[in-house]
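Input: a single structure, listed below in structure tokens.
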Amino acid sequence: MKALSIRQPWAWLIVRPDLTDPQQRAAAVAAGEIKDIENRTWATKHRGPFLVHVGQTFDMEGYLWVKGRFPNIPLPRPGQYDLGGIVGQAVLTDSIPPEKARGGQLKSRWYMGEHAFMVGDSKPLPFRKEKGKLNFFDVKPGETQL
């Protein structure tokens, strides 16, 4: 299966492991409290399911930005995030280039001006240590690369 490395807390915001009830998840999606776009500087042809992988680096600047912009999202504190492995699964439905995304096509509060990977049907998975790579990369079921 394909996987994509996403830094924390962004990966946490995509999979939202704190929301286990389907009704809570649906309400959070409707309120824009589950991240539905992964911003990248590059496009992809990949569509379909992928594993959400987190690298070893925590994005403190991003964490502070989210805390300031979305104070109602109960983010864990820095140091409480899983790092260096698989944390969830999602479906990539589209990759929208900046020139189309900036034209008002995207209504997501998570869009930041680059290529927009449209992400949906996200769910947390039990943490599994896994070495990451750039771009989308292949992970075999149950295989650990560390």
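Computed about the Cα centre, the dipole magnitude for the chain is approximately 120 debye when only Lys and Arg (+1) and Asp and Glu (-1) carry charge, each at its Cβ. For the chain, the residue among Thr57, Asn135, Leu83 whose Cα projects farthest onto the positive side of the dipole built from Cβ charges is Asn135. Sort out the exposed loop trypsin sites (Lys or Arg not before Pro) in the chain (DSSP loop, at most 10 other Cβ within 10 Å) and tell me the longest stretch that has none. For trypsin sites (Lys or Arg not before Pro) (loop position, at most 10 other Cβ atoms within 10 Å), the longest site-free span of the chain is 46-106. Cross-link pairs exceeding 22 Å in C-alpha to C-alpha distance, out of Lys35/Lys123; Lys35/Lys107; Lys107/Lys131; Lys67/Lys133; Lys67/Lys129, comprise Lys107/Lys131; Lys67/Lys133; Lys67/Lys129. Comparing Pro78, Pro97, Pro22 in a Gaussian network model of the chain, where Cα atoms under 10 Å apart are tied by springs, the biggest mean-square fluctuation is seen for Pro22. Under 14 Å of direct C-alpha separation, and excluding same-chain neighbours fewer than eight residues apart, Lys140 reaches these aspartates and glutamates: Glu130. Between Glu61 and Lys45, full extension at 0.36 nm per residue minus the direct alpha carbon distance yields a gain of 2.8 nm. As a calculated quantity, the FRET efficiency between Arg128 and Arg25 at R0 = 35 Å, using C-beta atoms, amounts to about 0.95.
The slack in the chain from Lys2 to Gln80, taken as 0.36 nm per residue of separation less the alpha-carbon distance, amounts to 25.5 nm.
None of the figures in this text is laboratory data; all of them are computed from the coordinates on show. Predicted model only: the values in this text are computed from it and were never measured. Cβ sites come from the backbone with ideal geometry, for glycine too, and all protein chains shown count toward neighbours.
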